[in-house]
1. Let me spell it out: the conditions are (1) in a loop (DSSP other than H, G, I, E, B); (2) touching a Phe, Trp or Tyr at 6+ places or on another chain (Cβ under 7 Å); (3) among the aliphatic types (A, V, I, L, M), and VAL86 meets all of them except one. Which number is the exception?
2. How do the pairs read when you match residues in segment 99-111 that are closer than 18 Å to GLN154 by Cα and within 13 Å of the ligand (Cβ to nearest atom) with residues anywhere that are outside any loop (DSSP other than H, G, I, E, B) and of a type in the set (Gly, Ala, Ser), using Cβ under 6 Å and keeping only pairs 6 or more apart or on different chains?
3. If you scan segment 1-53, which residues turn out to be of a type in the set (Ser, Thr, Tyr), outside any strand (DSSP E or B) and in contact with a strand residue (DSSP E or B) (Cβ under 8 Å, 6 or more places away or on another chain)?
4. Could you tell me whether LEU21 is within 16 Å of the ligand (Cβ to nearest atom) and aliphatic (A, V, I, L, M)?
5. With respect to ALA50, is the statement that it is more than 25 Å from PRO181 (Cβ to Cβ) and either aliphatic (A, V, I, L, M) or surrounded by 21 or more Cβ atoms within 10 Å (Cβ to Cβ) (or both) true?
6. Which of the strands (runs of 3 or more DSSP E) contained wholly in segment 108-198 include at least 2 residues that are closer than 24 Å to THR96 by Cα?
7. Taking LEU78 as meeting all but one of (1) within 14 Å of the ligand (Cβ to nearest atom); (2) at pLDDT 95 or above; (3) not charged (D, E, K, R), write down the number of the exception.
8. For segment 128-145, give me each residue that is within 14 Å of the ligand (Cβ to nearest atom) and touching a helix residue (DSSP H, G or I) at 6+ places or on another chain (Cβ under 7 Å).
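The values are calculated or read from the model by the stated rules, or taken from the named source; none is laboratory data. If you're wondering where the values come from, they're calculated on a predicted model, not measured in any experiment. Quick reminder, even Gly has a Cβ in these numbers, built from the backbone with ideal geometry, and neighbours come from all protein chains shown.
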Amino acid sequence: MSHKRVAILISGGGSNMVALLDSMIGDHPARPCLVLSSEPEAAGLDKAAARGVPVAAVDHRPFRADRAAFEAELMKPLIAARPDIVCCAGFMRILTGDFVSRWQGRMLNIHPSLLPKYKGLNTHARALAAGDGEHGCSVHEVTAELDDGPILGQARVPVLNGDTPETLAARVLVQEHRLYPAVLRRFAMGDRTPIHWG
Ligand code: GAR
């Protein structure tokens, strides 16, 4: 069996990336081919390198508002790695429709809310401010619309009395680390049936 090749895009600590990397062993249908960061100092790069995964970084700062130029640089190592699947895992740059269309149908993202609620940033604070009784995370296919695209999995957690954005984020993150590997495994086998937990 030839494994599907998976590239992972990160910007920070990369705990979801680590969960994905550590899942791609044994009978898993995929293997990592690249971890690519928009931040040269991202802690996740060391964690990937320590696991023997090729890493690269393209600093977004010199490009300022020129998203197309940034994405042209980002595209080089990504294309060279020949991924079958691209997973965004805490990748905090907004991608243009041009970039996304190159990978459409094989690009996934994890977002810390029960989409379509709370697209964008500060999702945990917004769920608390709304008085929601439950919150969670979503894995979805990436389309040109931000935090949109078909849902491939959702995991729910309760919002508890006294929660802060930090305590709620930590509870959601535990589920992110379970959900994303589960969705990737299915997706790599060609199964897009959504997972619903909780
Ligand atoms: C995760 O909670 C992820 O869902 C979120 O950033 C965090 C990254 O943590 N992603 C987004 O907000 C995307 N807009 P990690 O680097 O430890 O995986």
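1. Single failed check for VAL86: (1).
2. From segment 99-111, the pairs are HIS111/SER138.
3. Scanning segment 1-53 gives SER11, SER38.
4. On the way: within 16 Å of the ligand (Cβ to nearest atom): yes; aliphatic (A, V, I, L, M): yes.
Spelling it out, LEU21 is indeed within 16 Å of the ligand (Cβ to nearest atom) and aliphatic (A, V, I, L, M).
5. Values: more than 25 Å from PRO181 (Cβ to Cβ): no; either aliphatic (A, V, I, L, M) or surrounded by 21 or more Cβ atoms within 10 Å (Cβ to Cβ) (or both): yes.
It is false that ALA50 is more than 25 Å from PRO181 (Cβ to Cβ) and either aliphatic (A, V, I, L, M) or surrounded by 21 or more Cβ atoms within 10 Å (Cβ to Cβ) (or both).
6. On the way: elements: 134-141, 151-158, 195-197.
So the answer is 134-141, 151-158.
7. (1)
8. Of all residues in segment 128-145, those within 14 Å of the ligand (Cβ to nearest atom) come to 135-140, 142, 145.
Correct list: HIS135, GLY136, CYS137, VAL139, VAL142.
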